[in-house]
Amino acid sequence: MKRLTDKDYELIAEAQKVIHLNYDEVNENHTVGAAIRCKNGKIYVGVNVYSLHGACGEQVAIGTAIANGEREFEAIVAVRGREGEEIIPLCGNCRQILHDYMPECEVILNVNGENRKVRAKELLPYSYDVE
């Protein structure tokens, strides 16, 4: 695992900002914010869309980046809470998406109270591989 850089803390701040602006305390429809940084330095954000078959904030951020023509990704983070105070791990579905689309992308995690980053492909050992 690697230590975070200033650019990583900027990415966390963008995820915190998007959930702060969109947090839904009443219905809990939007409780997770995410941000993805592309290799060109652009950052895209998303919030979860809660429903029976909702989308994770990470998926929304990835989809937004792809819709804007991005194909090369550097790092991603997800946060939870009104102020985005908690960095959360990606769910299994998001891990599979990252494995398929961007296995070298770094994922920011909180491990034993320390913020670190790890390559997406390392988060899903023995993953389903379409090749």
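The values are calculated or read from the model by the stated rules, or taken from the named source; none is laboratory data. Just so you know, these numbers come straight off a predicted model, no measurement behind them. As a convention, Cβ positions derive from the backbone with ideal geometry for all residues, glycine included, and neighbour counts pool all protein chains shown. Calculation scope for accessible area: heavy atoms of the full protein, side chains included, ligands and nucleic acids excluded. Shrake-Rupley method; radii C 1.70, N 1.55, O 1.52, S 1.80 Å.
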Output the number of residues of segment 1-59 satisfying the condition of being more than 16 Å from C105 (Cβ to Cβ), in a helix (DSSP H, G or I) and of a type in the set (A, V, I, L, M).
4
Answer with yes or no whether I88 is in contact (Cβ under 8 Å) with a residue 40 or more places away in the chain and aliphatic (A, V, I, L, M).
yes
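Here is a yes/no grid of residues against (1) out of contact with any His (no Cβ under 7 Å at 6 or more places or on another chain); (2) hydrophobic (A, V, I, L, M, F, W, C); (3) open to solvent by 20 Å² or more (accessible area, probe 1.4 Å); (4) in contact (Cβ under 8 Å) with a residue 60 or more places away in the chain:
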{"site": "E14", "(1), (2), (3), (4)": "yes, no, yes, no"}
{"site": "K17", "(1), (2), (3), (4)": "yes, no, yes, yes"}
{"site": "H20", "(1), (2), (3), (4)": "yes, no, yes, yes"}
{"site": "E25", "(1), (2), (3), (4)": "yes, no, yes, no"}
{"site": "K39", "(1), (2), (3), (4)": "yes, no, yes, no"}
{"site": "V45", "(1), (2), (3), (4)": "yes, yes, yes, no"}
{"site": "S51", "(1), (2), (3), (4)": "yes, no, yes, no"}
{"site": "G63", "(1), (2), (3), (4)": "yes, no, yes, no"}
{"site": "A75", "(1), (2), (3), (4)": "yes, yes, no, yes"}
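Hey, among the residues in segment 27-37 that are under 15 Å from the mean Cα position of the chain (by Cα) and farther than 22 Å from K121 by Cβ, which one's surrounded by the most Cβ atoms within 10 Å (Cβ to Cβ)? Break it down stepwise before answering.
Taking segment 27-37 and keeping what is under 15 Å from the mean Cα position of the chain (by Cα), we get 30-37.
With the extra rule that they be farther than 22 Å from K121 by Cβ, the set shrinks to 30-33.
Details: H30: 21, T31: 19, V32: 26, G33: 31.
Top of the filtered list is G33.
Among the residues of segment 75-99, which ones are of a type in the set (A, V, I, L, M, F, W, C) and not in a helix (DSSP H, G or I)?
Residues of segment 75-99 that are of a type in the set (A, V, I, L, M, F, W, C), as a first pass: 75-79, 87-88, 90-91, 94, 97-98.
Those that are of a type in the set (A, V, I, L, M, F, W, C) and not in a helix (DSSP H, G or I): A75, I76, V77, A78, V79, I87, I88, L90, C91.
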Selection count where residues are crowded, with 16+ Cβ neighbours inside 10 Å, β-branched (V, I, T) and within 19 Å of E72 (Cβ to Cβ), scope segment 87-131:
3
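For segment 93-131, which positions are of a type in the set (S, T, Y) and in contact with a Gly (Cβ under 8 Å, 6 or more places away or on another chain)?
Just the residues of segment 93-131 that are of a type in the set (S, T, Y), to begin with: 101, 126-128.
Listed by number, the list is empty, since nothing qualifies.
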